[in-house]
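Asker: Here it is, the structure, as structure tokens.
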Amino acid sequence: MALLKCDFFSEVLMISTSMTVILPENTDNQIGLNNNKYAGNIPVLYLLHGLSDDHTIWTRRTSIERYAAEYGIAIVMPQVDHSFYTDMAFGKQYWTFLSEELPKVARSFFPISAAREDNFVAGLSMGGYGAFRWALRKPEQFAAAASLSGVMDIASHAKSKQPDENPVANVMYLAFGERDLAGTDHDLFALVRKKEDLPALFQACGTEDFLWEENKKFAQFTKDHHIPVATSFSAGAHEWGFWDDKIQEVLAWLPLKQ
């Protein structure tokens, strides 16, 4: 596998930014790694970070490079700050960057596929929310999406209308301002009910996670509305040991062409 840090200028953000990229390669003499590589354009997983992290975190906290090697898949990990993957009320246009500019830029640099059946998105916590929102708002872009310990009920988290001493409330205010998010295109419950031809969905959360109740609520909501979602709920907290395990499940679950 090739591990790359890519620094580039974003026209949308109007600033230089970065992404970490993993690309597969065929090797015969590398010890301890099972490398696979597709002959044509490479399938790609956009892998999103959480609130306190950046584009480097998946490679620093998990063995994602080793896991991806077995599947011959590229991994693109962008940097989005505290944006909640939205065009911020008081900040930069990270939703537009993520959903429109990033795939075009990544494809211009690397031999990754533009076909829906080869494109996937996943993330943890804030990134779990971002992954599902991206896939549900633009289902034509993805064959599958996965949320690990995701922020599923964004409307309840954004109820605080003014910033205060709670740093997370401040982040939410900067991202969403004073908007009521219930029923909007920020609300995963509203999005999953409205869309047709959805990608395959995978949801994981630990039963000791502080986001467990809203993950359970979302899983029940999708079940009640006959929306198929693969779930992987097990003992675990909001921590990297859990996510390292679950990202392996996600890669094994992805509908990759053989």
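Please treat every number below as a calculation from the coordinates, not as lab data. All values derive from a computational prediction rather than experimental measurement. Here Cβ is always computed from backbone atoms with ideal geometry, including for glycine, and neighbour counts include all displayed protein chains.
Asker: Just a yes or no: is a residue in the stretch 45-67 more than 17 Å from the chain's Cα centre (by Cα) and either on the phi > 0 side of the Ramachandran plot or among the hydrophobic types (A, V, I, L, M, F, W, C) (or both)?
Answerer: no
Asker: Continuing with the same structure: Are any residues in the stretch 163-189 under 19 Å from the mean Cα position of the chain (by Cα), free of Cβ contacts under 8 Å to residues at least 40 places away in the same chain and assigned to a helix (DSSP H, G or I), and if so, which ones?
Answerer: Phe189
Asker: Shifting gears a bit: Considering only residues of the stretch 19-35 that are of a type outside the set (Val, Ile, Thr) and exposed (fewer than 15 other Cβ atoms within 10 Å of the Cβ), which is nearest to Gly91 (Cα to Cα)?
Answerer: Glu25
Asker: Of these, His186, His225, which one is loosely packed, with under 14 Cβ neighbours inside 10 Å and not hydrophobic (A, V, I, L, M, F, W, C)? Step through it out loud before you land on a result.
Answerer: Values: His186 fails: loosely packed, with under 14 Cβ neighbours inside 10 Å.
The match here is His225.
Asker: Let me ask you something else. Just to check your reading of the model, which residue among Ala235, Ala230 is loosely packed, with under 13 Cβ neighbours inside 10 Å and at negative phi?
Answerer: Values: Ala230 fails: loosely packed, with under 13 Cβ neighbours inside 10 Å.
Within the list Ala235, Ala230, the selection yields Ala235.
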